[in-house]
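This report concerns only the one structure given below.
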Amino acid sequence: MDNTSGKKRKVVVIGAGAVGSTFCYALAQSGLAEEIAIIDQNNNLAQGQVLDLVHGHPFFPTVSIRVGNPGDYADAHIIVIAAGAAQRPGETRLQLLRKNATIVRSIADDIVAQKSAGVILVVSNPVDILTQVVLKRAGYDRGRVIGSGTVLDSARFRHLLSEHCGIDIHNVHANILGEHGDSEFAAWSMTHVAGMQIDKYCPICRRCDDCAAKRRQIEQDVRDSAYHIIEYKGATCFAIGLALVRITGAILRGERSILTVSTMLDGEFGLHDVCLSVPSIVSENGVDKIIENQLPDDELAALKASASLLKKAMNQLDLDV
Ligand code: NAD
């Protein structure tokens with residue numbers, strides 16, 4: 001689909017909770033979309049979020065914001081799935097996974113029924129598994145169904161490195177790869193500060209005595225970030241909202257940006273039939289190409305470990321997709 005054609009730049013967001021509404025707020029301010037349609041099974045919530053947002057109209061670029069319905073999928077450029085059930089007391093992660101998989105599968109059916117030509121961006125957790133569920137159910141080209149993956153985690157990683165090195169975050173390039181979850185890992189081989197590979201930058205930086213220990217700590221802090229925020233305030237929403245604007249912008253503007261979105265691998269890195277995050281070119285049709293760079297043995301092993309964990313969860317899910 002040519003997203004730069006004469007049609008309005010339309011984004012449909014399913015799930016008007018913390019993540020969906022914060023994304024809409026950030027998207028409205030970005031000026032990237034001309035039309036935002038918000039859908040939630042709780043129609044009152046969708047109505048309330050829309051009213052609250054449209055009262056901000058004088059303060060952000062012109063954009064139409066309204067409550068949507070499945071008919072909106074037909075001409076949407078991007079459909080963002082941020083709908084999900086929260087974990088109930090006594091509910092296992094697998095039970096929650098089944099519940100959310102059922103939700104996204106039914107959304108995928110509605111999208112297909114509307115013959116949508118848009119890109120589907122999955123945010124609901126566990127994002128890698130649910131991206132795979134939607135992709136299989138919709139039967140679209142693999143690049144058209146992507147997950148927010150580790151775009152957020154990579155931002156957290158860059159923030160921590162920037163703080164530690166005392167360097168503007170815009171001069172820190174770094175990626176978290178693999179699962180958006182506990183098995184994710186820092187791709188140190190791809191990490192650059194001030195244009196230099198991190199191994200070359202460390203001796204100049206001299207901000208720690210034990211670089212290896214510091215690296216392990218930063219990597220663990222990235223993994224633990226969400227747990228801490230959820231402990232403090234119950235949900236994460238601001239940074240994920242902005243990460244979604246970044247991905248949306250790459251699609252709507254056909255940027256060909258390299259982002260660590262979750263995408264289906266088909267032989268890349270020796271892996272098949274699993275969605276996880278690796279550097280990918282994101283443009284108007286979603287993922288245009290996966291950048292299959294040479295990872296050192298330890299990072300490749302970490303990627304494979306992440307993939308096998310995700311495959312196990314997918315098998316346990318055992319959904320008839
Ligand atoms: P939330 O509970 O605040 O909002 C979820 C919304 O989904 C609710 O308003 C609910 O009514 C709606 N919903 C449920 N089933 C629906 C359906 N079938 N159709 C339409 N709407 C439906 O949750 P949240 O904090 O906004 O988080 C949403 C999802 O995003 C969760 O799965 C969360 O784990 C995930 N998340 C992902 C990332 C990431 O980096 N991928 C980051 C933060 C949160």
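Once Rg and the Kirkwood radius are both taken over the C-alpha atoms of the chain, their ratio Rg/Rh works out to 0.96.
Note on GLN29 and ASP221: with the Förster distance fixed at 45 Å, the Cβ-Cβ geometry gives a FRET efficiency of about 0.95. Expressed as a whole percent, the accessible surface of segment 151-317 that belongs to carbon and sulfur atoms is 52, based on a 1.4 Å probe. If R0 is taken as 45 Å, the Cβ-Cβ distance between SER106 and ASN171 corresponds to a FRET efficiency of 0.50. Quick check: from the Cα gyration tensor, does segment 10-147 come out rounded (a/c under 1.5), prolate or oblate? Oblate shape, in that a/c is at least 1.5 and b/c is the bigger or equal ratio.
Relative to the Cα centre, the charge distribution of the chain, modelled as +1 at Lys and Arg Cβ and -1 at Asp and Glu Cβ, gives a dipole magnitude of about 380 debye. Maximal additional length on extending the GLU292-LYS233 stretch stands at 17.5 nm, based on 0.36 nm per residue less the C-alpha distance. Remark: spin-label model distance ASP141-ASP199 equals 3.8 nm, labels positioned 7 Å along the Cα→Cβ axis.
Antiparallel DSSP bridges in the chain: what percent, to the nearest 5?
Roughly 50 percent of the beta bridges in the chain run antiparallel, per DSSP.
By definition, a body whose alpha carbon gyration tensor gives a ≥ b ≥ c is rounded when a/c is under 1.5, and segment 151-317 falls into this rounded group. When segment 10-147 is described by a simple charge dipole with +1 on each Lys and Arg Cβ and -1 on each Asp and Glu Cβ, the residue from GLN29, LEU97, GLY15 located farthest towards its positive end is LEU97.
Return the FRET efficiency for the residue pair PHE59, ALA305: r is the Cβ-Cβ distance, R0 is 56 Å, and the value is rounded to the nearest 0.05.
Taking R0 as 56 Å, the efficiency between PHE59 and ALA305 is 0.75.
For segment 10-147, the fraction of 1.4 Å probe accessible surface lying on carbon and sulfur atoms is 50 percent. About its Cα centre, the dipole of segment 10-147 is roughly 520 debye, where the only charges are +1 on Lys and Arg Cβ and -1 on Asp and Glu Cβ. Rounded to the nearest 20 debye, the dipole size of segment 192-321 about its Cα centre is 520 debye, using +1 on the Cβ of Lys and Arg and -1 on the Cβ of Asp and Glu. Taking the charge dipole of the chain about its Cα centre, with +1 at Lys and Arg Cβ atoms and -1 at Asp and Glu Cβ atoms, the residue from VAL274, VAL119, ASN69 reaching farthest to the positive side is ASN69.
Per-peptide packing, taken as the mean over residues of other Cβ atoms within 10 Å, places 16-27, 61-72 in the sequence 16-27, 61-72 from highest down. Protein heavy-atom accessible surface, 1.4 Å probe, per residue over the chain: 46 Å².
The values are calculated or read from the model by the stated rules, or taken from the named source; none is laboratory data. All values reported here derive from a predicted model rather than from experimental measurement. Here Cβ is always computed from backbone atoms with ideal geometry, including for glycine, and neighbour counts include all displayed protein chains. Note: accessible area is taken over every heavy atom of the protein model, side chains too, but ligands, DNA and RNA are not part of it. Shrake-Rupley method; radii C 1.70, N 1.55, O 1.52, S 1.80 Å.
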